[in-house]
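S.K.: My questions will all concern the structure given below.
The values are calculated or read from the model by the stated rules, or taken from the named source; none is laboratory data. Note that the coordinates shown come from a computational prediction; the quantities given were computed from them, not determined experimentally. Methodologically, a virtual Cβ is constructed for each residue, glycine included, from the backbone with ideal geometry; neighbour enumeration extends over all protein chains shown.
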Amino acid sequence: MTPTPQTPPSIDPLRFHHPHNHLSTTFGNDTFALKAEAFARFFGTPTFLGAQTLIVVLWVLANVTGLVKFDVYPFILLNLAFSLQSAYAAPLILLAQTRQAARDKAQMDADAQHREDIAKANAQRQESTAATTEQLLALLEQNTRLTELTQHLTQRVEALTVEMHERFMAQSHSERQD
């Protein structure tokens with residue numbers, strides 16, 4: 001019966017990141033937090049900048065040309081809208097930056113832990129390799145001694161065989177003369 005090969009246990013490649021799972025979203029996990037994060041991320045997109053520029057241009061053109069007269073020059077309502085937008089955007093962006101810095105630090109900590117784990121495993125492999133090398137050297141030395149002993153015994157057997165052959169030949173030769 002052949003032994004069944006054992007598969008190594010599955011190692012989670014993200015095991016060093018698990019202690020930092022609470023940092024996965026910027027504002028938390030509830031609906032408001034997810035919407036706030038999406039809103040804060042949207043502020044820096046080209047789509048937002050293009051749409052805001054288009055709205056401002058249309059607003060100014062509509063009021064300057066007389067198409068509408070709800071916010072004539074100096075566009076106080078437009079300034080109020082910008083101030084309101086800034087009042088909400090700045091804290092959201094700062095909060096997003098703060099949480100991103102926390103996520104970056106957690107990522108660096110997890111990477112450092114991973115590098116440390118790799119260094120420990122490498123040191124263990126080097127120690128194991130050194131021990132195996134020592135064992136192999138000891139076995140090679142033992143093999144060399146055994147080979148030398150075998151050679152010595154082989155030479156001794158050969159010498160005894162030659163000596164016995166010479167005695168048998170001498171005895172056989174003396175018996176023939178008698």
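Conditions (1) small (Gly, Ala, Ser); (2) modelled with pLDDT of 90 or more; (3) at negative phi; (4) exposed (fewer than 10 other Cβ atoms within 10 Å of the Cβ), marked per residue:
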position	(1), (2), (3), (4)
GLN6	no, no, yes, yes
SER10	yes, no, yes, yes
HIS18	no, no, yes, yes
THR25	no, no, yes, no
GLU37	no, no, yes, no
GLY44	yes, no, yes, no
LEU58	no, yes, yes, no
ALA62	yes, yes, yes, no
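S.K.: A further question follows. From the list THR150, THR154, THR129, THR161, which residue is assigned to a helix (DSSP H, G or I), of a type in the set (Val, Ile, Thr) and closer than 30 Å to ILE11 by Cα?
M.R.: THR129
S.K.: If I ask for residues that are under 25 Å from the mean Cα position of the chain (by Cα) and in contact (Cβ under 8 Å) with a residue 40 or more places away in the chain, which ones from segment 80-112 would you list?
M.R.: Across segment 80-112, the qualifying residues are ARG99, GLN100, ALA102, ARG103, ALA106, GLN107, ASP109, ALA110, ASP111.
S.K.: Right, something else. Got at least one residue in segment 113-123 being touching a residue at least 40 places away in the same chain (Cβ under 8 Å) and of a type outside the set (S, T, N, Q)?
M.R.: Going residue by residue through segment 113-123, those that are touching a residue at least 40 places away in the same chain (Cβ under 8 Å) are 113-114, 117.
Among the residues that remain, those that are also of a type outside the set (S, T, N, Q) are: 114, 117.
Within segment 113-123 (the criterion being touching a residue at least 40 places away in the same chain (Cβ under 8 Å) and of a type outside the set (S, T, N, Q)), the answer is yes, since at least one residue qualifies.
S.K.: Ok, one more. Taking segment 74-89, which residues are surrounded by fewer than 11 Cβ atoms within 10 Å (Cβ to Cβ), closer than 18 Å to PHE43 by Cα and of a type in the set (A, V, I, L, M)?
M.R.: Those that are surrounded by fewer than 11 Cβ atoms within 10 Å (Cβ to Cβ), closer than 18 Å to PHE43 by Cα and of a type in the set (A, V, I, L, M): LEU84, ALA87.
S.K.: Continuing with the same structure: What are the pairs with Cβ atoms under 8 angstrom where one residue, in segment 44-60, is more than 19 Å from ALA90 (Cβ to Cβ) and the other, located anywhere, is outside any helix (DSSP H, G or I) and not aliphatic (A, V, I, L, M)? Sequence gap at least six, or different chains.
M.R.: These pairs meet every condition: TRP59/ASP71; TRP59/PHE75; VAL60/PHE75.
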